[in-house]
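FYI, it's all coordinate maths here, none of it is from the lab. Source: prediction; values computed, not measured. Backbone-built Cβ (ideal geometry, glycine too); neighbour counts: all protein chains shown.
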Amino acid sequence: MTAPASRVTGNAPIIEVDRLSRRFKQFEAVSEVSFDVRPGELFGFLGPNGAGKTTTINMLTTLLTPSSGTARVNGYDVVRERSEVRRSIGLVFQQPTLDEYLSAEQNLRFHGYAYGVDAALRERRMTELLEMVELDDRRSGSVRTFSGGMKRRLEIARGLLHHPSVLFLDEPTLGLDPQTRHRIWDYLHALREQEGLTIFLTTHYMDEAEHCDRIAVIDHGRIAGLDTPDGLKHRLGGDLVILQADDNAATAREVRETYGLPATVQDGRVSFHVPYGEEFLPGFVRRIEAPLTSIGVRRPTLEDVFLDLTGHEIRDSELDEHDLLLQQGGRR
Amino acid sequence: MSVSMTAPPRGRMGAAAAEVWRGTWVVAYRELLRFVRERSRLVGTLLQPLLFLVVFGVGFSGIIGPLAPGVDFVQFIFPGLIAMSVLTTALFAGVSVVWDREFGFLKEIMVAPLGRSGIVLGKAVGAAGVAVVQGLLMLVIAPFIGVSLSVGAVLAVIPVIVILAVALAGLGLILASFLRSQQGFQLLMQIIIFPMIFLAGVFFPIGSAPAWLQVASKINPLTYGVDALRQIFLGTGGSAELGVELFGRVMTIGQEVALMGGLGAVLLAIAVGAFTRQE
């Protein structure tokens, strides 16, 4: 017995979430979240710490019961068909969940037993996965002696041992060095190609969100925007022009009045979006009356998208959340 | 009639039972695996009773004469020390859920398609397995201190250890549900393990203690385990001086085993309840 037969056919969503909410006493961690994930998609939840990403993952993986709303994974209800959901998914948590006193192989074998994977299949799959994450030479080594990156790779291998339909990754590269992060992403892309796996991940790294087919930007428990990375950036209205002038407020006013563009002043700089920055700039510089000190143009980043959708930078809200946790006396 | 019609329907109940069963053996298997890999734990749990045997046994046997015809002090405390190693092992196995939670492995277990009650039973079964191996290892000392071993005695010891271990693992699991981190663990072990050992009649016959202490001893489940093992090794059955009297009758091995079994079932049921509610 391995993963239960999928109830999802054709291109119907493999994850269906409808007005999912979760409250912890007064605090609403996730409120009325709805989205779909298509089979084979690499879907990302982007948001600061405490935005409700882990809470959502915990509900989708049956570890937490929703306060209201419904969710289906692989066609199974996460509350009424927990067991089928569990067998349909692989999970890599933020914190390591390996038995450090056992070897890499023993950890994988335990997982195989727990999911009732057929012995011959298990051994074959173990070899295949350990090779993929480049740990085959350390298979009998004690996990205690592994580095953070090796542990994460082993966990990814373990999460795939029972041939899940969806792999959930909660901040898969948190606390890893850039080189290891890069390698983890290589594995994830390879996996998608080789196995047609659906991947759902959460991250607060903007550069990682760029890897995703689609991103849901989540803030304070709500989805603020959902689209492809390019689609999200496109919605901002094109390239970002940033300039500094002797009088920023007056310059912003001039841009608004002359061009009808919603220019804003923030951190001593004026910024606004135009469809084609490079073409726009020469004429603009010639015509502007306010004396400028500097001007530049760049493509919008997800950072800009996040700022536009939530009204703050991802870093600011992390501080908020930290304060919130302190006020609540800490949560486990 | 088609084949699929005659095959037993694997309904929801059947699937749930399979998950409980798989949870039990998978978790028990891991406990045994860890025991094999962690040599220090094995040495630690064996050394403590040995130390007691040397310090108390050799030290006191000179001043304390035979406690009954043919039973000197070292022989008297030997079965109790086996019970003591069962206590440490089983209680630790139960409380180890706290470690699993802290180091994350519990999540791996919780998200797997395993029955919750199976996870609890697995801890108890694993504890019993480890306790039996340790108990049998301690029997190696028996010939050196003049305790004669028969095949029957060795075989009789195993079920007593199993039942005692399961009951104590249940107790450990209940204690674990009160602990949020390892911090309280040391204190808890101090206030549980040592009183339990000293009140269990490991070092003195219960019958010779003052009445108030006897009451405390008879509430202690370990008392019956110690006495059952003592009856098996030393053949002290029916002896009012060395045995345990409950409601005016000296307890037999059968009664003691039944009592521990009943208590174990209750403790495990509470542990299952506490675990399913909490996790």
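Which residue, A:VAL78, A:LEU232, A:VAL217, has the largest displacement toward the positive end of the dipole of region A:15-232 when charges sit on each Cβ (Lys, Arg +1; Asp, Glu -1)?
A:VAL78
For region A:237-299, what relative contact order do you get, as a whole percent, if you take Cα pairs closer than 8 Å and at least 6 residues apart? Intermediate results must be reported in sequence, preceding the final value.
Values: 105 pairs, mean separation 31.8, N = 63.
Over region A:237-299, the number comes to 51 percent.
Would you compute, from DSSP H runs of 4+ residues alone, the mean residue ellipticity of chain A at 222 nm, taking -39500 (n - 2.57) per run and dividing by the full residue count, rounded to the nearest 500?
Values: 12 runs with 127 residues, N = 332.
Computed mean residue ellipticity for chain A: -11500 deg cm²/dmol.
Once you average over the residues of B:17-28, how many Cβ atoms of partner chains fall within 10 Å of each Cβ? Please report the intermediate quantities before stating the final value.
Numbers: counts 0, 3, 4, 0, 0, 5, 1, 0, 1, 7, 3, 0.
Average per residue, whole number: 2.
Dipole size in debye (nearest 20) for region A:15-232 around its Cα centre, Lys and Arg Cβ +1, Asp and Glu Cβ -1?
Numbers: 27 positive and 33 negative charges, 161 e Å.
Value, rounded to 20: 780 debye.
When Cβ neighbours within 10 Å are restricted to other protein chains, what is their mean count per residue of peptide A:85-94?
Working: counts 2, 6, 2, 1, 1, 1, 4, 0, 4, 1.
Mean shielding count: 2.
Using only alpha carbon pairs under 8 Å that are at least six residues apart, calculate the relative contact order of chain B and give it in whole percent.
Details: 368 pairs, mean separation 67.0, N = 279.
Result for chain B is 24 percent.
Can you give the FRET efficiency for B:ARG39 and A:ARG38, using 1/(1 + (r/R0)^6), R0 = 41 Å, r = Cβ-Cβ distance, to the nearest 0.05?
Working: r = 51 Å, r/R0 = 1.24.
Calculated value: 0.20.
Pop the C-beta distance of A:ALA250 and A:ASP230 into the FRET formula with R0 = 35 Å and round what comes out to the nearest 0.05. Each step should come with its number before you reach the end.
Working: r = 35 Å, r/R0 = 0.99.
Approximately 0.50, to the nearest 0.05.
Using only alpha carbon pairs under 8 Å that are at least six residues apart, calculate the relative contact order of region A:15-232 and give it in whole percent. If you can, show how the numbers build up before the last one.
On the way: 399 pairs, mean separation 66.3, N = 218.
It comes to 30 percent, rounded to a whole number.
To the nearest 20 debye, what charge dipole does chain B have about its Cα centre, counting +1 at the Cβ of each Lys and Arg and -1 at the Cβ of each Asp and Glu? Can you show the working numbers first?
Details: 17 positive and 12 negative charges, 169 e Å.
That gives a dipole near 820 debye.
Do the alpha carbons of any pairs in A:LYS25/A:LYS151; A:LYS25/B:LYS123; A:LYS151/A:LYS233; A:LYS25/B:LYS107 sit beyond 28 Å of each other, and which pairs?
Values: A:LYS25/A:LYS151 35 Å; A:LYS25/B:LYS123 33 Å; A:LYS151/A:LYS233 35 Å; A:LYS25/B:LYS107 23 Å.
As for pairs spanning more than 28 Å Cα to Cα, those are A:LYS25/A:LYS151; A:LYS25/B:LYS123; A:LYS151/A:LYS233.
Could you rank the peptides A:20-33, B:33-46, B:212-225, A:255-268 by their average count of other C-beta atoms within 10 Å per residue, with the highest value first? Mind showing how you got there, number by number?
Details: A:20-33: 17.0, B:33-46: 14.7, B:212-225: 19.1, A:255-268: 12.6.
Ranking the peptides A:20-33, B:33-46, B:212-225, A:255-268 by packing returns B:212-225, A:20-33, B:33-46, A:255-268.
Pick out the long, greasy-scoring helices in chain B: whole DSSP H runs spanning 24 Å or more along their own axis by Cα, mean Kyte-Doolittle at least 0.5.
Numbers: long enough: B:12-37 (37 Å, 0.15); B:73-102 (43 Å, 1.29); B:116-138 (34 Å, 1.36); B:151-176 (37 Å, 2.85); B:183-199 (26 Å, 1.71); B:253-278 (37 Å, 1.26).
The answer, listed by residue number, is B:73-102, B:116-138, B:151-176, B:183-199, B:253-278.
Report, as an integer, the average count of C-beta atoms from other chains found within 10 Å of each Cβ along A:109-116. The partial results should precede the final answer.
On the way: counts 2, 9, 3, 1, 8, 13, 5, 7.
Mean inter-chain Cβ contacts per residue within 10 Å come to 6.
For labels at B:GLU245 and A:ILE295 in the simple 7 Å Cα→Cβ model, what's the distance in nm?
Placing both labels 7 Å along Cα→Cβ, they lie 10.6 nm apart.
Can you give the angle from 0 to 90° between the axis of helix A:104-114 and the longest principal axis of chain A, with both taken from C-alpha atoms, to the nearest 10?
Helix A:104-114 and the main axis of chain A meet at about 80 degrees.
Working from Cα positions, state the angle (0 to 90°, nearest 10) between the long axis of helix A:178-195 and the longest principal axis of chain A.
Its long axis makes an angle of about 60 degrees.
What's the FRET efficiency of B:SER148 with B:LEU51 using the Cβ-Cβ distance as r and R₀ = 22 Å, to the nearest 0.05? If you can, show how the numbers build up before the last one.
Numbers: r = 24 Å, r/R0 = 1.09.
Step by step, r from the Cβ atoms, then E = 0.40.
Can you tell me which of B:18-26, B:80-88, A:227-235 comes out highest on packing, and rank the rest after it, using the mean Cβ neighbours within 10 Å?
B:80-88, B:18-26, A:227-235
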